[in-house]
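Written out below as structure tokens is the structure these notes cover.
Any read-out appearing in this document is the output of simple, stated calculations on the displayed coordinates, not a laboratory observation. Keep in mind the model is a prediction, meaning the values are calculated, not measured. Here Cβ is always computed from backbone atoms with ideal geometry, including for glycine, and neighbour counts include all displayed protein chains.
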Amino acid sequence: MTSPLRKLFGAAAAPTSANGDGTASPLRTPMQKGAGGAGWATADTAAALTPASAGGTRKRLAALSPLGASGLEAVTETEAKKQRALAPDETNGVAGANIASQAGICLPLASQAAAEEALSVPKDLRSAQEDARRANSKLPPYHAECFHYYTSGGGAQYSWPEWVKPEKLRDAQGRRPGEPNFSSDTLQVPSEKVQKDSGHGTPMLLQYWKLKTKHFDKVALFKVGKFYEIFYYDAFIAQRECNLKWMNSDKRPHVGFPEMAKHDYAKKLVGAGFKVVVVEQVERVAEKQAKEAVTRENNCVERAPCEVFTKGTLVEPGLLGSGSASYMVYLHFEEVVGGARPTELPFAAVLVDAATAQIYIGRIVDTPDRNALRTLMAQVQPSEVVYSTANLPSEVLGLLRRLPCRPQLSPFQPGCVMAARDRLAKYRTSRRDKFPESVEAVLQNESAMLAGAGVLDYLESVLLGQRVAPFATWDVLDAVCSSSQVSGTANSGKRMILDATALAALEVLETLEGNYKGSILEFLDHTTMPIGFRLFKQWLCAPLYEAAEIRERQDVVEFFLQRIDLMQQLRAGLKKVPVDLERATSRVWGFALQAERHAVMYEDVTAKRLGDFISLLRAYEQCLHLLRASLPEGIQLPQRLLRITRTKSSGGCLPELQPVISHLSGSVISVTNPKTGKAKFSPAKGADARYDNFCQRIDAVVASLEADLQGIKGMFPQVQLCFVHRPPGFRYEIECDDGALPQAFMTQVDVTSKQRAGKLRFQTQRIKQLLAELDML
């Protein structure tokens with residue numbers, strides 16, 4: 001029976017000869033006698049594991065080849081030419097192994113079964129996905145799905161470059177899927193010349209493959225004009241998950257959608273378990289034209305990755321969905337993989353809520369049954385788990401793949417101890433606030449230090465290094481979950497431990513059937529705001545342990561039970577707050593990201609973000625007014641309620657927000673659009689000197705454009721002339737009737753378009769120069 005690997009690789013299978021019974025059998029060398037073929041595979045399959053050089057292989061195989069030395073020499077020369085033409089970047093070891101394949105030689109493998117298991121893909125998509133999620137799977141889920149589409153018909157229907165075909169695909173270090181330390185997020189791509197010669201190296205596709213060398217395991221949304229285009233394996237995934245239409249005119253797998261639907265389709269892809277990278281235009285047309293004038297080459301507009309979406313690092317409101325916390329967990333294990341099993345198995349864990357810029361770190365001492373790890377996973381229900389590929393025990397990987405919450409698993413290559421120490425040192429100096437003492441105590445441990453630095457590096461890799469890390473609030477792990485094994489924290493012992501078994505048996509977060517409805521959390525949840533739900537869920541998973549703190553909470557509960565009208569007034573007022581205060585505050589802090597993204601935006605992003613900022617200020621002001629009206633100064637409050645509802649000057653812990661809100665609100669003005677009725681926000685004059693300077697320069701350019709139009713009107717007073725705009729490509733085109741202007745004048749201008757209604761549009765050289773100046777502002 002033909003193995004799945006040989007079905008997949010087709011021509012790479014070993015040559016056969018007729019047996020005595022008329023059946024075909026692979027050609028064997030004398031070295032295989034008595035071995036029964038166990039542990040052997042064809043040379044092309046062994047190429048990734050055989051470090052032989054081409055020269056050494058030729059000498060050794062000449063004596064073994066059934067073709068003889070002369071026959072082998074002819075095959076060698078033919079195969080060498082193919083290798084140089086198709087894959088000049090391949091190593092000599094791979095080339096030598098391919099020569100052996102042509103000569104009918106079989107080379108030994110450490111385990112043929114392991115290679116077949118790693119690369120064979122079921123025809124059924126669901127089976128391929130389930131196989132990739134198994135504890136012993138060697139093939140990453142993204143690769144399993146890609147290979148499924150290729151082997152189930154996509155490979156024959158479309159044109160594919162050699163370097164992404166299943167039998168040729170390698171990571172940046174030349175490793176094949178299933179090999180130790182295979183990097184699923186990188187791709188080995190040949191030189192630009194080979195890409196162009198293959199027919200898959202247009203100027204835009206060169207940018208695409210450059211991106212894929214570092215983001216192969218992510219669905220790439222590639223900005224082209226006002227659309228996002230998706231190619232090759234990603235196109236199959238996006239077409240199935242988003243029901244997009246195929247571009248039938250393209251010989252490559254290709255789908256796309258309009259730019260305004262980015263978050264809708266990205267949400268579907270992330271919800272299905274895929275990572276997404278958004279590639280934006282980072283060069284303006286004027287900049288491109290200036291570059292072409294220098295290089296004398298027709299260049300493609302520069303593009304670069306500007307956003308990465310994973311299940312555990314979402315920050316945009318349109319992608320987050322529910323108000324529940326979406327945690328990314330980073331794990332670093334201290335134990336030596338493959339070593340003796342001690343009774344204590346310590347590991348470091350870091351929780352990141354990217355939407356609220358909160359980071360929690362701790363070191364946990366686990367037991368061989370992994371109860372502490374299972375408890376951590378049950379309490380926080382992470383959306384994504386990031387782990388070091390170098391030290392993750394195999395049974396832990398199996399445990400993570402079997403979690404009911406189905407987190408996205410992200411292998412990551414961390415730095416060494418010295419690099420981690422330097423990374424944290426630089427981070428400390430860049431922060432406005434110091435780490436809390438409790439966090440510093442945890443970071444004294446080497447594994448916690450590696451985990452903390454690893455989290456910062458991972459945030460950088462998903463392009464959130466400047467969005468989350470600079471203003472993140474750090475705390476110890478015990479602040480959000482309970483475990484008797486968490487050490488080195490000031491809060492140890494203040495919370496009751498509900499381990500994974502207790503949470504499941506008591507149906508705290510979900511029922512035994514895995515449903516939220518019917519759980520204790522669903523029954524007890526009467527919160528009115530998302531921030532309240534997230535806090536209540538933490539309290540329920542880690543109840544208070546000390547009697548004094550429990551009594552403080554009970555006093556507040558009794559206070560409101562005796563004042564039902566007051567409680568209903570507060571609930572009704574809080575329900576009217578239009579935003580998630582915690583997430584919106586973090587998002588406003590990250591608005592400066594626009595400068596780091598470098599993406600070219602043709603809409604007025606500043607006005608939209610100022611509108612979001614004003615909405616947040618109004619929401620805070622609304623809450624302050626509600627507290628003042630419901631809990632006036634003269635009322636006697638329980639101690640805990642007094643702390644959280646009064647400002648510092650009145651004995652509480654709230655900051656004095658009202659003066660700050662008033663000042664910032666006065667720095668922004670709004671103008672209502674008479675056509676749409678929507679308000680457009682902008683900084684008030686004098687609020688920002690730099691903004692005022694740019695506005696003056698823009699007004700000067702616009703005035704020059706109007707003056708140029710008036711000059712042409714003066715030359716031809718009988719012709720109706722006006723500016724028209726077609727964003728983003730064309731602005732300030734002069735429109736007139738076709739044939740209304742003299743031919744001598746028309747030869748001096750650039751005709752940009754002709755309309756069906758008998759209209760003609762053009763730009764003068766002066767207008768084009770002013771537009772280039774305007775684009776740079």
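Distance between the 7 Å Cα→Cβ label points at Thr202 and Thr676: 3.2 nm.
The Cα atoms of the range 622-662 give a gyration tensor whose axes a ≥ b ≥ c have a/c of 1.5 or more with a/b no greater than b/c, which makes the shape oblate. Of all the C-alpha pairs in the range 432-575, what % are more than 20 Å from each other? That tail contains 64 percent of the Cα-Cα pairs.
Convex hull of alpha carbon positions in the range 164-236: directionally averaged projected area 5.2 nm². The alpha-carbon positions of the range 715-777 define a convex hull whose volume is 91 Å³ per residue. For the peptides 521-532, 761-772, 452-463, the ranking by mean Cβ contacts within 10 Å, running from highest to lowest, is 452-463, 761-772, 521-532. Once backbone amide H atoms are built at 1.01 Å from N, Ile669 has Ser682, Ala684 as its partners under 5 Å, excluding neighbours fewer than 5 places away on the same chain. If you wrap the range 369-475 in the convex hull of its Cα atoms and look at it from every side, the mean projected area works out to 7.3 nm².
Largest first and in whole Å, the equivalent-ellipsoid semi-axes of the range 489-570 read 24, 20, 11, each the square root of five times a Cα gyration tensor eigenvalue. All Cα-Cα separations within the range 315-418 were binned at 10 Å from zero, giving a P(r) of 13, 48, 30, 8, 1, each value a whole percent of the pairs.
Taking the Cα centre of the range 618-708 as reference, the dipole from Cβ charges on Lys and Arg (+1) and Asp and Glu (-1) amounts to some 520 debye. Within the range 404-438, the trypsin sites (Lys or Arg not before Pro) that combine a DSSP coil assignment with at most 10 other C-beta atoms in a 10 angstrom radius are Arg432, Lys434. Less than 5 angstrom separates the built amide H of Lys759 from those of Asp738, all sequence-distant by 5 or more or on a different chain. Of all alpha-carbon pairs in the range 168-324, indicate the percentage at a distance above 27 angstrom. Result for the distance tail: 29 percent.
Relative to its Kirkwood radius, the Cα radius of gyration of the range 671-739 gives an Rg/Rh of 1.09.
Principal axis extents of the C-alpha atoms in the range 573-726 (largest first, rounded to whole Å): 81, 33, 26.
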